[in-house]
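Here is the structure we will look at.
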There are 2 protein chains.
Amino acid sequence: MFLYTKNFEEQKERAMEGLRKALAEDKVDYDIIPLLEKINALDNYFTTSSCSGRISVMEMPHFGDKVNSVWLGKWHREVTVEEVLEAIGKHRSGQLWFLVRSPIIHVAAKTLEDAVKLLNLAVGLGFKYSNIKSVSHKKLLVEIRSTERMDVPLGENEELWVSEEYIGKIVNLANAQVRRFKGKLKRLEEEIEKL
Amino acid sequence: MFLYTKNFEEQKERAMEGLRKALAEDKVDYDIIPLLEKINALDNYFTTSSCSGRISVMEMPHFGDKVNSVWLGKWHREVTVEEVLEAIGKHRSGQLWFLVRSPIIHVAAKTLEDAVKLLNLAVGLGFKYSNIKSVSHKKLLVEIRSTERMDVPLGENEELWVSEEYIGKIVNLANAQVRRFKGKLKRLEEEIEKL
């Protein structure tokens, strides 16, 4: 038996303290705040971390080495080709990648039933990669996540493998993905109170 | 209260019948069969679907439209540049993508404790995107999944946006990802009996 239900109130209090601090330090993605507030207003849920989705240009020693990765550019919105080219211009060494990541919201639920209700709502609204991420005595954690994603290698060790024209193409595709997941976030914000 | 524990034996029997049929029809990825057999030999688990991971070239009307997507090439192993170029040569219309997908194994567990034990084992062995995918009266479903992935736009409507040299670069990166996730599958196969 896991004790997450028993520990729910105490964990929620802690998480809300952390969120207030993050908000005060301007560390929360601006356009996701109303959604977080709506989730946290529900008795049986609280948010523990979130990202509103992003386009980024990243330099990494090798794929998947997050620790030594450096963001050369990161945007929680649509981007222009110029912005991406400017970020690419900062590349010095390692692998250079153009990335799109869907929004991710981690939400603790009070009971398994609560978790499944949220999970099914999110999947139904297009967040198809949503899941229960972890279960422990402290928390039963739902991850709300969508399918939009791009992982495009751009070059390595100062050598660029693609043309400016290609960057234009992938920026268009990435912006379409951003519009798509922002729309899903909006719908989730509208529907979340029904839980 | 979900009834998955109560329905476990009946569901396992059905799933095993489906697996025997899929094996007879040669529909199961060859190199993942020993792992599936080891999981299904455990009393409190059974597999419901699986993919051993793949590299593919896909044509789709627009990103995410799985229904109308067509595989021009699909390999559950490392590939050569020639194989990928041959697949690209079959492109006619829509968006053309080069994709890498990590292995995915769906495993039903008898209790939440069983699910979490498997989830934590998988995460610890490098399958960091593993999760509890769904919970219903029928099944409590764990998804074993890793982080390797590539989504590279190659062109659209017969127009190729990248050079052959670039294809060579992304094939190298993709093959490295395949080696990495095959290694993880091997370790999972070795460790799974400890559950």
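The values are calculated or read from the model by the stated rules, or taken from the named source; none is laboratory data. Bear in mind the structure is a predicted one, so any value in this text is a computation, not a measurement. Using ideal geometry, Cβ is built from the backbone for each residue, glycine included, and neighbour counts are taken over all protein chains shown.
Look at the stretch A:108-133: where a residue is within 11 Å of A:L188 (Cβ to Cβ) and a partner is acidic (D, E), sitting 6+ places away or on another chain with Cβ atoms under 8 Å, you get A:L121/A:E191; A:L125/A:E191; A:S130/A:E143.
If we scan the stretch A:86-101, do we find a residue that is among the aromatic types (F, W, Y) and either more than 27 Å from B:V123 (Cβ to Cβ) or part of a strand (DSSP E or B) (or both)? Yes. Once the stretch B:66-85 is narrowed to residues that are in a loop (DSSP other than H, G, I, E, B) and not aliphatic (A, V, I, L, M), the residue that is surrounded by the fewest Cβ atoms within 10 Å (Cβ to Cβ) is B:K66.
Does A:V152 qualify as being of a type in the set (A, V, I, L, M), assigned to a loop (DSSP other than H, G, I, E, B) and under 17 Å from B:L160 (Cβ atoms)? Taking the combined requirement at face value, the residue does not satisfy it.
Within the stretch B:9-33, the only residue that satisfies the criterion of being in contact with a Phe, Trp or Tyr (Cβ under 8 Å, 6 or more places away or on another chain) and either surrounded by fewer than 10 Cβ atoms within 10 Å (Cβ to Cβ) or within 10 Å of B:K138 (Cβ to Cβ) (or both) is B:Q11.
Scanning the stretch B:53-93 for residues that are of a type in the set (S, T, N, Q) and modelled with pLDDT of 95 or more gives B:S56, B:T80. Among all positions in the stretch B:65-86, there is no residue which is within 25 Å of A:K133 (Cα to Cα), within 14 Å of another protein chain (Cβ to nearest Cβ) and in contact with a strand residue (DSSP E or B) (Cβ under 6 Å, 6 or more places away or on another chain). In this structure, B:L140 qualifies as under 20 Å from the mean Cα position of the chain (by Cα), farther than 30 Å from A:L96 by Cβ and of a type outside the set (G, A, S).
Per-residue answers, yes or no, for (1) under 23 Å from B:M16 (Cα atoms); (2) assigned to a strand (DSSP E or B); (3) within 10 Å of chain A (Cβ to nearest Cβ); (4) in contact with a helix residue (DSSP H, G or I) (Cβ under 8 Å, 6 or more places away or on another chain):
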position: B:H106; (1), (2), (3), (4): yes, yes, no, no
position: B:D114; (1), (2), (3), (4): yes, no, no, no
position: B:N120; (1), (2), (3), (4): no, no, yes, no
position: B:K128; (1), (2), (3), (4): no, no, yes, no
position: B:I132; (1), (2), (3), (4): yes, yes, yes, yes
position: B:V142; (1), (2), (3), (4): yes, yes, yes, yes
position: B:T147; (1), (2), (3), (4): no, no, yes, no
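Could you grab me the full set of residues in the stretch B:162-178 that are within 9 Å of chain A (Cβ to nearest Cβ) and surrounded by fewer than 18 Cβ atoms within 10 Å (Cβ to Cβ)? Result: B:S163, B:E165, B:A176. Residues that are within 23 Å of A:A87 (Cα to Cα) and among the acidic types (D, E) within the stretch A:32-61 comprise just one, A:E59. Selection of the stretch B:38-65 for residues being among the hydrophobic types (A, V, I, L, M, F, W, C), assigned to a strand (DSSP E or B) and surrounded by fewer than 21 Cβ atoms within 10 Å (Cβ to Cβ) yields B:C51, B:M60.
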